[in-house]
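A.B. asks: Next up is a structure, given as structure tokens.
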Amino acid sequence: MYSKVKSLGISGIEAFNVTVECDISGGLPRFDVVGLPDTAVKESRERVRSSIKNCKLNFPVSRITVNIAPADIKKEGAIFDLPVFIAILKSSEQIKENIDDYAFLGELSLDGEIRKASGILPMIMAAKEYNIKKVFVPFQNAYEGSVVDGVDVLPAKNVMDFLAHIKGEKVIESVKYDFDAEEETKYSVDFSDVKGQDQAKRALEIAAAGGHNCLLIGPPGSGKSMLAKRLPTILPDMTFEERLETSKVYSIAGKIPSGKSLVTKRPFRSPHHTVSAQALTGGGANPKPGEISLAHNGVMFMDEFPEFDRRAKESLRQPLEDGVVTVARAAGTFTYPSSIMLVAAMNPCPCGYFPDRSRCRCSVGEIRRYRDRISRPMLDRIDICTEAFAVKFDDLSKAKKGADSSSMRASVTEAISRQRMRYKDEGILFNSQLKGSRLSKYCNLDQQKEELLRQAFESMGLSVRARDRILRVSRTIADLEGSEQIKEAHLAEAISYRSIDRKYWGEM
């Protein structure tokens, strides 16, 4: 007997339609799985066999051939256990009901329990595109897939739940996402906790308002990490589209908690400086998103930036420029989203106390080698460079309470609203995404401002990329001030954020 069951698979960040075919014929007992399966899919034979027997069902003592189509795409993971299980029962006529409207996803335990799986959200989204109306998923993943309208997500704890459902003995109700139950994003930290550092706060406010990358330079204990960790508190709430994009990445990585459907808080990722280039960009034998994709629509903080492996740092260059990271492996070429704000922090020298020579004993050569761990092309991709100065003890008690996250967030949100209104027909959201003709159109300078920029370009030895980033930052500063025109003060402030990196990487 022949049967055909619907399922779905994952390739990179996108899902594709899968058909599981089963044929049971005469001959010596044998169980083959074909269709370019990986090891986990091949091992489904033993899990399915044990599940059928332990659920008091009949495992056919015949030649069983299972084909997981399309055969030209590699099938990975144990998520095909359930459709293989169903296909065998259908071919052996233990299921006689019509199941053409259903798709099946899930790993099986040896006793028929359906276990949690990764990538459910993008697969449910693909099911809607393929006009699949009902999808059986593991009970723990039900709420994750319920956000997709037009598909009935049916949660099952074990295979007997499914069998009872199709026989009409115990109907499984589909899970619906409750948009009204979404909680307001709250943070336990606030910018008001940081004493002093008004210059660094201003720089981070500009970075947040335009989606710019930022580098913080300062001695140990000056508050660089405190500042970076509070950056998400001034970013606006994610739109529904941003939540879907980010949640797809987290779903594939298996990082959406049980009982949750969407990632509602902007990601903040802080990988250790020993992280490898592959862990940052993604990949592996079974390619998964890396840290830069897990920070999509959020912030990636890289503390002790010079200490990161050079290959790891340089691997960020293309994703920071294009907003996507493309990983080529033997299994195929995969593209993951990586629209992030990079915030990096570093000391001015190996010991951290330069130029205070009463504490710093680093030689000029040691300082230069330390700073040269960050390449010029990498620096050119950082829009804003600012300093975090050491705060004296007396200033801690005397310092007035600085700007809090609430007031800074209000300014940032207003500036972003101006950008989204301005670029509504351009296909971009932030000033940091301005390129080519759009940059000339929205960052137009008169002759006086053009001369100021030319002088900075020549005197500071800027690259064309650095010049363009100055224009984008000045556009953001103007938006924060509520000005449609870039003024000379806006341009001068943007130039000042490029002069600091020249201070540290220029002549010593």
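A.B. asks: For the chain, find the longest principal axis of its Cα atoms and tell me its angle to the long axis of helix 240-252, 0 to 90°, nearest 10.
C.D. replies: 60
A.B. asks: Against the longest alpha carbon principal axis of the chain, how many degrees, from 0 to 90 and to the nearest 10, is the axis of helix 464-480 turned?
C.D. replies: Its long axis makes an angle of about 90 degrees.
A.B. asks: Could you provide, to the nearest whole Å², the per residue accessible area of the chain with probe 1.4 Å?
C.D. replies: For the chain, the solvent-accessible area averages 45 Å² per residue.
A.B. asks: Would you kindly work out the equivalent ellipsoid of segment 377-508 from its C-alpha gyration tensor and give its semi-axes, the square roots of five times the eigenvalues, largest first in whole Å?
C.D. replies: 27, 23, 13
A.B. asks: Segment 464-508: Rg/Rh from Cα coordinates, Kirkwood Rh?
C.D. replies: Reported Rg/Rh (Cα atoms, Kirkwood Rh): 1.06.
A.B. asks: At 1.4 Å probe size, with the rest of the protein present, what percent of the exposed accessible area of segment 402-508 is carbon and sulfur atoms?
C.D. replies: Accessible surface attributable to carbon and sulfur in segment 402-508 totals 48 percent.
A.B. asks: Oh, and also: Taking Cα atoms of segment 7-120, Rg/Rh with Kirkwood Rh, to two decimals?
C.D. replies: My calculation puts Rg/Rh at 0.94.
A.B. asks: Which percent of the accessible heavy-atom area of segment 268-331 goes to carbon and sulfur, probe 1.4 angstrom?
C.D. replies: 46
A.B. asks: Relative to the compact-globule scaling 2.2 N^0.38 Å, provide the ratio for the alpha-carbon radius of gyration of segment 120-187.
C.D. replies: After normalising by residue count via 2.2 N^0.38 Å, the value is 1.23.
A.B. asks: Among DSSP beta bridges whose residues both lie in the chain, state the antiparallel percentage, nearest 5.
C.D. replies: Percent antiparallel among DSSP bridges in the chain is about 50.
A.B. asks: Per the Kirkwood definition applied to all pairs of different Cα atoms, how many angstroms is the hydrodynamic radius of segment 212-276?
C.D. replies: Averaging 1/r across every pair of different Cα atoms and inverting gives 14.2 Å.
A.B. asks: If you find the alpha carbon centre of segment 349-395 and of segment 417-454, how far apart are they in angstrom?
C.D. replies: Here the two parts' Cα centres lie 32 Å apart.
A.B. asks: Continuing with the same structure: How big is the gap, in Å, between the Cα center of segment 466-489 and the Cα center of segment 117-196?
C.D. replies: Between the Cα centres of segment 466-489 and segment 117-196 lies a distance of 43 Å.
A.B. asks: Next question. Taking every DSSP beta bridge that has both residues in segment 8-147, what percent is antiparallel when rounded to the nearest 5?
C.D. replies: Looking only at bridges with both residues in segment 8-147, the antiparallel portion is about 60 percent.
A.B. asks: Computed over the Cα atoms of segment 223-342, what is the convex hull's projected area averaged over all directions, in nm²?
C.D. replies: Orientation-averaged projected area of the Cα hull: 8.0 nm².
A.B. asks: Would you mind giving the average projected area, over all directions, of the Cα convex hull of segment 272-369 in nm² with one decimal?
C.D. replies: 7.1
A.B. asks: I've got another one for you. Using only the alpha-carbon atoms of segment 60-165 as identical scatterers, what base-10 log of I(q)/I(0) does the Debye formula give at q = 0.10, 0.13, 0.24 Å⁻¹?
C.D. replies: Per q value, in the given order, log10 I(q)/I(0) is -0.27, -0.47, -1.52.
A.B. asks: Let me check something: with ligands and nucleic acids excluded, how do LYS53, LYS195, LYS75 order by accessible area (1.4 Å probe), largest to smallest?
C.D. replies: Result of the area sort, largest leading: LYS53, LYS195, LYS75.
A.B. asks: Could you list log10 I(q)/I(0) for segment 1-61 at q = 0.17, 0.21, 0.22 Å⁻¹, which the Debye formula gives when each Cα is one point scatterer?
C.D. replies: Log-scaled intensity ratios, in q order: -0.74, -1.07, -1.14.
A.B. asks: Still on this structure: On the full set of protein chains, 1.4 Å probe, figure out the accessible area of MET160 and give it in Å² to the nearest 10.
C.D. replies: Accessible area of MET160: about 80 Å².
A.B. asks: Viscosity 0.692 mPa s, temperature 37 °C: give me the Stokes-Einstein translational D for segment 410-482 in µm²/s, with Rh taken as the Kirkwood radius over C-alpha pairs.
C.D. replies: 252
A.B. asks: Can I ask one more? Give the Rg/Rh ratio for segment 300-419, taking Rg as the radius of gyration of the Cα atoms and Rh as the Kirkwood radius, to two decimals.
C.D. replies: 1.07
A.B. asks: Can you bin every Cα-Cα distance in segment 97-143 into 10 Å intervals starting at zero and give me the percent of pairs per bin, rounded to whole numbers?
C.D. replies: 26, 51, 23, 1
A.B. asks: Further question on the same structure: Once every DSSP H run of n ≥ 4 in the chain is given -39500 (n - 2.57) and the sum is divided by its residues, what mean residue ellipticity at 222 nm do you get, rounded to the nearest 500 deg cm²/dmol?
C.D. replies: Per the formula, -10500 deg cm²/dmol.
A.B. asks: How large is the Kirkwood hydrodynamic radius of segment 94-232, in angstrom, based on all distinct alpha carbon pairs?
C.D. replies: For segment 94-232, the Kirkwood estimate is 19.0 Å.
A.B. asks: Along each of the three principal axes of the Cα atoms of segment 159-288, give the extent in whole Å, ordering the values from largest to smallest.
C.D. replies: 68, 40, 25
A.B. asks: Over its Cα atoms, what ratio of radius of gyration to 2.2 N^0.38 Å does the chain give?
C.D. replies: Normalised Rg, Cα atoms only: 1.18.
The values are calculated or read from the model by the stated rules, or taken from the named source; none is laboratory data. Keep in mind that what you see is a predicted model, and the values were worked out from it rather than measured. Only protein heavy atoms, including side chains, enter the accessible area calculation; ligands, DNA and RNA are left aside. Shrake-Rupley method; radii C 1.70, N 1.55, O 1.52, S 1.80 Å.
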